[in-house]
Amino acid sequence: MSETRSDAELLRAIAADSDRRAFEELYRRYAPWLTARLRGRCADAGVVDDVVQETFLAVWRGKARYREEAAGTGDAAGWLWRIGSRRLVDALRGDGARGRLRQTLARLRHRDEASAEERVLAGVEHGDLAGALVRLSPELRAVLQATVIDGLTTREAAVLLGIPAGTVKTRAMRARKQLREALA
């Protein structure tokens, strides 16, 4: 009879011993969740599937290292999300703004009404909001991405970004203030 191992135990086994069973268990545990989360940010299922595969491939090959001090928190999901979301950004950058615009327009054609998120994302690429967001520091943009676009709580965003929850709140407040001033 096999015993269910913790995320930290699985990650240690993958890193230390290239334990294929540990990897398969981690994949079964988190691939569906990661796929669902990434599909919330990208309508192209093929891109999302590629990103999920690249994320787990990075874990298997050891290119993504789970910090041992984080292992005690049991937040492998946040760690995998951080890897996957960065790989998605890289994949979308490779597609370019025109590809993302085509993707947005294709989604809009298949619906009677665009969601609020889709309208914001379309404005991000081609409106005043785009310029205002570009002028934000990367730290402030990352907090907005995590809390607004990804819909994470302050605590989840803190884990994802590797910063204290209070810092997330402060950066979010600063980002909103700078955006209001830029768009006024």
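The values are calculated or read from the model by the stated rules, or taken from the named source; none is laboratory data. None of the values given here were measured: they were computed from a predicted structure. Neighbour counts are summed over all protein chains in view; Cβ atoms, including those assigned to glycine, are modelled from backbone coordinates with ideal geometry.
Quick notes on this structure:
The rows are residues; the columns are (1) exposed (fewer than 15 other Cβ atoms within 10 Å of the Cβ); (2) hydrophobic (A, V, I, L, M, F, W, C).
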{"site": "Leu133", "(1), (2)": "no, yes"}
{"site": "Leu136", "(1), (2)": "no, yes"}
{"site": "Arg141", "(1), (2)": "no, no"}
{"site": "Ala146", "(1), (2)": "no, yes"}
{"site": "Thr154", "(1), (2)": "no, no"}
{"site": "Ala158", "(1), (2)": "no, yes"}
{"site": "Gly162", "(1), (2)": "yes, no"}
{"site": "Thr167", "(1), (2)": "no, no"}
{"site": "Arg174", "(1), (2)": "no, no"}
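- From the options Ala16, Ala70, residue that is among the aliphatic types (A, V, I, L, M), farther than 30 Å from Ala130 by Cβ and at pLDDT 80 or above: Ala16
- The single condition from (1) touching a helix residue (DSSP H, G or I) at 6+ places or on another chain (Cβ under 8 Å); (2) within 25 Å of Arg141 (Cα to Cα); (3) exposed (fewer than 15 other Cβ atoms within 10 Å of the Cβ); (4) modelled with pLDDT under 80 that Gly62 fails is (2).
Listed here are the residues, each with its yes/no results for (1) closer than 30 Å to Pro164 by Cβ; (2) in contact with a Pro (Cβ under 9 Å, 6 or more places away or on another chain); (3) modelled with pLDDT of 70 or more; (4) not in a helix (DSSP H, G or I).
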residue: Arg12; (1), (2), (3), (4): yes, no, yes, no
residue: Cys42; (1), (2), (3), (4): yes, no, yes, yes
residue: Arg86; (1), (2), (3), (4): yes, no, yes, no
residue: Arg98; (1), (2), (3), (4): no, no, no, no
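- Count - residues of region 14-37 that are in a helix (DSSP H, G or I), more than 25 Å from the chain's Cα centre (by Cα) and over 14 Å from Leu57 (Cβ atoms): 3
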